Amino acid sequence: MKEKVEEILREIEAFTATTREQVEEYRVKWLSRKGKISLLFDEFKTVAPDLKKEMGQKLNELKNKAQAKLDELKQKFEQADVADEAHEPDLSLPAEPIALGTRHPISIVRRQITEIFGRIGFTVADGPEIEDDWHNFTALNFPENHPARDMQDTFFIDEQNKIALRTHTSSVQVRVMESTQPPIRMIFPGRVYRNEAISARAHCFFHQVEGLYVDEQVSFADLKQTLLYFAKEMFGEKSQIRLRPSYFPFTEPSAEMDISCSICEGKGCAVCKHSGWVEIMGCGMVDPAVLENCKIDPRKYTGFAFGMGIERIAQLKYRVNDLRLYSENDIRFLNQFKSAL
């Protein structure tokens with residue numbers, strides 16, 4: 001036992017600590033209830049009676065030295081804390097670097113769309129995301145029980161009073177036409193909501209940019225040239241467009257617009273399903289009934305409207321095939337767009 005005491009004493013005297021964790025490990029190893037010194041005191045009960053006095057003195061000496069070492073180590077770190085608190089900061093040192101964030105890809109594409117149409121005289125208008133039935137449906141030629149209402153599944157906030165989250169930014173077009181006399185040349189970016197199952201290709205909310213031009217003698221040719229200009233500015237000078245007949249309640253005639261695939265340059269690939277064309281928006285001439293609903297004389301004025309999904313444009317520009325990525329806020333995904341600022 002004497003040899004054990006001397007060996008432990010040598011270890012204690014040689015011990016040093018550079019962290020508080022090491023000090024705590026020292027206490028647990030030697031001075032805790034299950035530490036090695038406590039075990040020696042338990043073993044002391046088996047020492048021969050004639051050796052008890054000598055070994056008792058040695059054990060007490062060991063415990064006192066171990067405790068003194070622990071107190072010395074604790075005092076060392078306490079003094080270091082006081083020194084740190086009293087230390088005056090050097091204001092001439094460079095600041096800690098701050099990691100810069102990045103714009104969201106939806107914000108980047110929205111800004112690009114806004115700038116492109118701004119160069120040809122379109123201004124931006126905004127409106128509420130919670131809408132009544134008149135602005136979201138009826139004024140846009142969606143009468144009660146009309147089959148066209150089934151085209152959009154709606155989140156109703158107050159179903160009795162038909163208050164809902166807007167299903168398109170066309171509601172802002174109605175508000176503008178009600179309060180503004182032609183000429184009107186505006187775009188309407190914003191978030192819209194549809195009651196759909198969330199998947200890689202669909203989401204319960206997404207972003208649109210719609211456009212409206214109402215004036216005297218506005219023609220379908222004006223619409224086509226406006227959209228061709230947009231396609232070339234957004235996707236490159238080689239871009240071509242085609243318009244296919246379609247149906248929307250608030251435009252007549254109506255069309256779907258395709259652009260030549262910017263990835264394969266119209267030769268055919270997986271993105272364009274080997275057709276060379278990609279659909280990006282709907283458009284058409286504003287239905288005279290919509291103009292009448294907004295107190296605009298359809299005998300004097302005509303207009304065109306169009307609407308596109310910002311996620312769809314972003315998908316073509318950045319080849320992002322999963323809509324859920326835009327709303328998950330995964331920093332690994334968002335950091336890829338720093339170069340697009």
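Scanning segment 76-94 for residues that are among the small types (Gly, Ala, Ser) and part of a helix (DSSP H, G or I), which turns out modelled with the highest pLDDT?
Taking segment 76-94 as the starting set, the residues that turn out to be among the small types (Gly, Ala, Ser) are 80, 83, 86, 92.
Next, only the ones that are part of a helix (DSSP H, G or I) stay: 80, 83, 86.
Numbers: Ala80: 68, Ala83: 57, Ala86: 55.
The residue in question is Ala80.
Across segment 300-334, what is the total count of residues that are assigned to a loop (DSSP other than H, G, I, E, B) and at pLDDT 95 or above? It would help to see each step written out before you state the result.
Kept after step one, since they are assigned to a loop (DSSP other than H, G, I, E, B), are these residues of segment 300-334: 300-301, 319-322, 328-330.
If we keep only those that are at pLDDT 95 or above as well, we get 300-301.
Residues that pass the stated criteria total 2.
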(message) Among (1) touching a Leu at 6+ places or on another chain (Cβ under 8 Å); (2) assigned by TED's automatic domain parsing to the domain that holds Gly309; (3) not small (Gly, Ala, Ser), there is one condition Leu70 misses while meeting the rest; what is its number?
(response) (2)
(message) Based on this model, can you work out whether Ile37 counts as in contact (Cβ under 8 Å) with a residue 40 or more places away in the chain, in the same structural domain as Gln79 (by TED's automatic domain parsing) and out of contact with any Cys (no Cβ under 9 Å at 6 or more places or on another chain)?
(response) no
(request) Among the residues of segment 33-53, count how many are closer than 14 Å to Lys4 by Cβ and either assigned to a helix (DSSP H, G or I) or among the charged types (D, E, K, R) (or both). (result) 11
(message) Here is a list: Ile163, Ile157, Ile106, Ile130. Which entry is of a type in the set (A, V, I, L, M, F, W, C), touching a strand residue (DSSP E or B) at 6+ places or on another chain (Cβ under 7 Å) and surrounded by 16 or more Cβ atoms within 10 Å (Cβ to Cβ)?
(response) Ile106
(request) Please work out which one of (1) within 30 Å of Asn136 (Cβ to Cβ); (2) part of a helix (DSSP H, G or I) is the condition Phe337 fails and give its number. (result) (1)
(request) Please tell me if Ala202 is under 20 Å from Ala305 (Cβ atoms) and surrounded by fewer than 14 Cβ atoms within 10 Å (Cβ to Cβ). (result) no
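The values are calculated or read from the model by the stated rules, or taken from the named source; none is laboratory data. These numbers come from a predicted model, not from an experiment. Virtual Cβ from ideal backbone geometry, glycine too; neighbours counted across all protein chains shown.
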